[in-house]
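Step one of this worksheet: look at the structure below.
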Amino acid sequence: MHLKNVASGLARSAKFEPLYDVDPSTGAMIEVFFADRVFDGMRGRGWYWWKCTPGSVPEWPPVGPFATAYRAYCDVVGRAESDRERSRAGASGSINRSAIADTARTQQL
């Protein structure tokens, strides 16, 4: 993932600017942002992240809060990597199970 910083206005401090990234494997946009007000479903003031697939609204509630933008971004990257590992394991696991079942049937014939 390539981290980008997008300016959202002159009134905000640069240290609270949101960060945007795109997951290259899914095309989903990731936003890491600071929330100083708590909305329904959020657990306090801090850094949050959410993902938005093309053509849809962001997932609610956002994930967080985190003490820093870096920790929030590391959480995004960690979850994306574990999701990819699970999907690879699931795909290879199903191939192995079917191969084992085919081998067992062949041996019975």
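The values are calculated or read from the model by the stated rules, or taken from the named source; none is laboratory data. The model shown is predicted, which means the values in this text are computed figures rather than measured ones. Every residue, glycine among them, receives a Cβ derived from its backbone with ideal geometry; neighbour counts consider all protein chains shown.
Descriptive notes on the structure:
Conditions (1) charged (D, E, K, R); (2) within 11 Å of the chain's Cα centre (by Cα); (3) in a loop (DSSP other than H, G, I, E, B), marked per residue:
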| residue | (1), (2), (3) |
| --- | --- |
| W47 | no, no, no |
| W50 | no, yes, no |
| G55 | no, no, yes |
| W60 | no, no, yes |
| C74 | no, yes, no |
| V77 | no, yes, no |
| A80 | no, yes, no |
| D83 | yes, yes, no |
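- The residues of region 54-109 that are farther than 21 Å from A28 by Cα, of a type in the set (A, V, I, L, M, F, W, C) and at pLDDT below 85, listed by number, are A89, A91, I95, A99, I100, A101, A104, L109.
- Of everything in region 31-45 that is of a type outside the set (D, E, K, R) and under 14 Å from the mean Cα position of the chain (by Cα), the residue that is surrounded by the most Cβ atoms within 10 Å (Cβ to Cβ) is V32.
- Scanning region 64-74 for residues that are over 9 Å from V32 (Cα atoms) and buried (at least 17 other Cβ atoms within 10 Å of the Cβ) turns up G64, P65, F66.
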